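Peer 1: Let me begin by handing over the structure; questions about it come next.
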Amino acid sequence: MRIIKNIFSKFYLYVLWAMLSLLFVGWIFTLITDTTPKNKVTLYADVSKIEDIELRLELEKSKPEDIKMVKVHPFSYVAFGSGIVGGDIYLVKESDIADYVSSFCALGEELTARYADRGIYYNEEGAAYGIKVYDCKTSIGCATEYINYLPVVGEEAQDYYLFFNKDSLHGGTLNGAKSSAALTVAYAFLGL
């Protein structure tokens with residue numbers, strides 16, 4: 001009985017050690033499965049369902065040699081973070097574009113001309129910012145085997161557009177970055 005009493009009297013220490021151990025293991029796991037932003041291209045999608053692992057594996061087939069990995073996440077991945085920062089490529093539904101457009105960079109003439117037949121999103125100043133990746137009227141879109149563009153119950157179907165983060169480390173000629181890896185990954189995505 002005395003042994004049990006001693007164990008329970010120090011129970012809070014055991015719980016504390018267990019929590020610290022879990023944090024340490026989580027930190028090690030993150031170190032193993034992630035890398036710095038300069039070594040990865042990250043795509044965030046504002047969709048109801050995404051097969052992020054399968055899409056990541058498909059996009060990694062076309063990643064440039066200087067990039068270690070491609071990450072794919074739903075917007076909910078950063079729901080408790082500081083908004084849409086840190087990513088390179090974003091898939092955004094049409095009704096939410098106005099909320100985020102200040103975080104995106106203009107496409108430039110080459111991309112606008114290359115993808116004009118898909119549909120381009122223009123902002124108020126007439127600059128091209130996004131490439132249409134899903135048309136809700138025809139249900140035709142990019143990577144539909146990995147992404148469910150259909151709305152959740154109670155919402156209307158919408159078009160989706162691909163945008164580039166103006167602060168991306170991999171935006172190349174779009175934002176003056178040294179690396180153009182985000183463009184390479186975006187081309188692969190637009191080809192799916």
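Derivation of every value follows stated rules applied to the coordinates shown; laboratory data play no part. Just so you know, these numbers come straight off a predicted model, no measurement behind them. Positions of Cβ are backbone-derived with ideal geometry, glycine not excepted, and every protein chain shown enters the neighbour counts.
Peer 1: Compute, for the chain, the length of the dipole vector about the Cα centre, with Cβ point charges of +1 (Lys, Arg) and -1 (Asp, Glu) only. Units Debye, rounded to 20.
Peer 2: Here the chain has a charge dipole of around 1240 debye.
Peer 1: Which entry is the computed percent of Cα pairs over 23 Å apart for this structure: (1) 54; (2) 49; (3) 68?
Peer 2: Only one option fits the structure, namely (2).
Peer 1: Turning to a different aspect of this structure: Between S21, S76, S95, find the one with the highest GNM mean-square fluctuation for the chain; connect C-alpha pairs within less than 10 Å.
Peer 2: S21
Peer 1: How much length, in nm to one decimal, is gained on full extension between N123 and T173, taken as 0.36 nm per residue of separation minus their Cα-Cα distance?
Peer 2: Using 0.36 nm per residue and subtracting the Cα-Cα distance, I get 16.0 nm.
Peer 1: Step through the residues of region 13-22 one at a time and calculate ³J(HN,Hα) from phi using the Karplus curve (6.51 cos²θ - 1.76 cosθ + 1.60, θ = phi - 60°), rounding each to whole Hz and writing x for Gly and Pro.
Peer 2: Coupling constants for region 13-22: 5, 5, 5, 4, 4, 5, 5, 5, 4, 4 Hz.
Peer 1: With an 8 Å Cα cut-off and a minimum separation of 6 or more residues, compute the relative contact order for region 54-142 in percent.
Peer 2: 16
Peer 1: Select from L22, Y44, T33 the residue farthest towards the positive end of the dipole of region 1-51; place +1 on Cβ of Lys and Arg, -1 on Cβ of Asp and Glu, and compute about the Cα centre.
Peer 2: It is L22, whose Cα lies furthest towards the positive end.
Peer 1: If you take the beta carbon distance between K49 and L13 as r and set R0 to 45 Å, what does 1/(1 + (r/R0)^6) give as a FRET efficiency, to the nearest 0.05?
Peer 2: Numbers: r = 43 Å, r/R0 = 0.95.
With a Förster radius of 45 Å, E is 0.55.
Peer 1: Suppose R0 equals 35 Å; then what is the FRET efficiency for S21 and E65 from their Cβ-Cβ distance, rounded to the nearest 0.05? Mind dumping the intermediate values first?
Peer 2: Working: r = 38 Å, r/R0 = 1.08.
Once the sixth-power term is evaluated, E becomes 0.40.
Peer 1: Mind scanning K63/K178; K63/K137; K132/K166; K40/K166; K137/K166; K68/K137 and naming the pairs with a C-alpha gap bigger than 26 Å?
Peer 2: Over 26 Å apart, Cα to Cα: K63/K137; K137/K166; K68/K137.
Peer 1: At a threshold of 8 angstrom on Cα-Cα distance, excluding pairs fewer than six apart, so keeping six or more, what relative contact order does region 35-192 reach in percent?
Peer 2: 29
Peer 1: Could you pull out every one of the aspartates and glutamates with an alpha carbon less than 16 Å from that of K38, ignoring same-chain neighbours closer than 8 positions?
Peer 2: Partners within reach: E60, E65, D66, D88, D167.
Peer 1: Residue farthest toward the positive end of the dipole of region 36-190, with Cβ of Lys/Arg at +1 and Asp/Glu at -1: which of I131, A106, H73?
Peer 2: Working it through, the farthest residue towards the positive pole turns out to be H73.
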